[in-house]
Amino acid sequence: MTGRLFGLGVGPGDPELLTLKALRLLREAAVVAYPAARGRKGRALTIVEEHLRADQERVPMVYPVTTEALPAPLDYETVMSAFYDESAAVLAHHLDAGRDVAVLCEGDPLFYGSFMYLHDRLAERYPTTVVPGVCSVVACASALAVPLVYRNQTLSVISGVLPEDALRARLAAADAAAVMKLGTQFPKVRRVIEDLGLTDRALYAERATMADQRLMPLRAVEGDSVPYFAMILIPGDRWTGV
Ligand SMILES: C[S@@+](CC[C@H](N)C(=O)[O-])C[C@H]1O[C@@H](n2cnc3c(N)ncnc32)[C@H](O)[C@@H]1O
């Protein structure tokens with residue numbers, strides 16, 4: 001019999017935002033796999049590390065690149081596709097040997113989560129359970145203490161990596177928005193928000209729920225350099241009808 005694959009959402013950073021179910025399955029797994037940047041421990045591992053046992057095998061999946069902009073002839077999709085093929089093969093080896101594998105994923109696994117690419121490669125071959133995690137959008141709203149969408153308003157979740165015109169069109173049409181994946185995209189995103197006259201409504205959250213979180217109006221963010229683990233929220237207009 002093969003092992004089971006668990007995709008465990010571990011939440012946005014605060015270890016207390018881990019679910020009881022994720023914790024139970026984490027403890028049942030013989031193998032714990034997690035994404036990490038080169039030379040770093042990985043956010044998802046840091047969140048759950050206090051719960052791991054010494055006899056659980058740790059499998060870091062070290063990203064070959066951490067930015068979507070690569071110099072030619074490198075191409076982000078090709079490099080990452082090969083990385084996920086290799087990672088899936090490593091995990092399949094453990095699963096074929098009958099070992100349960102827990103893949104940690106920051107936030108929710110199926111919401112822009114790295115686990116999705118392993119799920120695409122493995123879920124049809126192995127019994128798979130996905131445990132949702134507290135996603136960063138709602139974690140940022142709670143940290144900022146701001147209601148996001150009232151009544152029939154629509155929330156647009158937008159990647160900051162989009163080209164400027166596409167970003168402008170999506171934001172112009174949004175009742176409320178979360179712009180994710182900031183990092184090097186931040187100057188472009190801020191320019192578009194300013195052009196659309198949305199700056200006064202825009203809030204900035206960096207590493208929300210973590211010990212070093214930074215929360216402020218977008219207008220108060222100094223300089224053009226912000227981390228990747230940051231987003232801008234534009235809440236829906238306050239509903240005064242009830
Ligand atoms: C690849 S997505 C991962 C989303 C994650 N699976 C989730 O459910 O929230 C990475 C983006 O999520 C956002 N993000 C994740 N954690 C965050 C946090 N603690 N504070 C602010 N933004 C966060 C940032 O915009 C970051 O660029």
Shape descriptor, the range 129-242: equivalent ellipsoid semi-axes (Cα gyration tensor, sqrt 5λ, whole Å, largest first) stand at 19, 19, 15
Can you pull the three principal axis extents for the Cα set of the chain, in Å, largest first? 58, 50, 32
Give the calculated FRET efficiency between R38 and A173 to the nearest 0.05, with a Förster radius of 35 Å applied to their Cβ-Cβ distance. 0.35
Calculate the dipole size of the range 5-134 relative to its Cα centre from +1 charges on Lys and Arg beta carbons and -1 charges on Asp and Glu beta carbons; express the result in debye to the nearest 20. 300 debye
Measuring from label point to label point, each 7 Å out along Cα→Cβ, what is the D237 to E50 span in nm? 4.5 nm
Using a 1.4 angstrom probe on heavy atoms only, work out the carbon and sulfur share of the accessible area of the range 1-90 in %. 55 percent
Dipole moment magnitude, nearest 20 debye, the chain about Cα centre, only Lys, Arg, Asp, Glu C-beta charged: 360 debye
Chain lengthening between R219 and E86 when straightened (0.36 nm per residue, less Cα-Cα): 43.6 nm
Separation of the range 1-22 and the range 139-183 by C-alpha centroid, Å? 26 Å
Per 0.36 nm of contour for each residue apart, how much would the distance between R27 and T129 grow if the chain were fully extended, relative to their Cα-Cα spacing? 35.3 nm
Rounded to two decimals, what is the ratio between the C-alpha radius of gyration of the range 174-232 and 2.2 N^0.38 Å? 1.04
Dipole magnitude of the range 102-212 about its Cα centre (Cβ charges: Lys, Arg +1; Asp, Glu -1), debye to nearest 20: 80 debye
Show that you can apply the helix-only estimate: for the chain, add -39,500 (n - 2.57) for every DSSP H stretch of four or more residues, divide by all residues, and state [θ] at 222 nm to the nearest 500. -9000 deg cm²/dmol
Compute log10 of I(q)/I(0) for the range 5-134 with the Debye formula, placing one identical point scatterer on every Cα and leaving out solvent, at q = 0.12 Å⁻¹, to two decimals. -0.42
With no solvent and one equal point scatterer per Cα, compute the Debye intensity ratio I(q)/I(0) for the range 126-186 at 0.28, 0.29, 0.30 Å⁻¹ and report its log10, rounded to two decimals. -1.21, -1.24, -1.26
Within the range 178-209: backbone nitrogen closer than 19 Å to the A166 label point (7 Å, Cα to C-beta): 178-193
Percent RCO, i.e. relative contact order, over the chain, from Cα pairs under 8 Å lying at least 6 residues apart: 23 percent
For an R0 of 35 angstrom, estimate the FRET efficiency from the Cβ-Cβ distance between R58 and N152 and round to the nearest 0.05. 0.15
Can you pull the one-decimal nm distance between simple spin-label points at D200 and E16, each 7 Å off the Cα toward Cβ? 3.6 nm
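The values are calculated or read from the model by the stated rules, or taken from the named source; none is laboratory data. Just so you know, these numbers come straight off a predicted model, no measurement behind them. Because the Cβ atoms are built from the backbone with ideal geometry, glycine has one as well, and the counts that use them run over all protein chains shown. The protein model used for the area step is the full one, side chains on, heavy atoms only, and it has no ligands, DNA or RNA in it. Shrake-Rupley method; radii C 1.70, N 1.55, O 1.52, S 1.80 Å.
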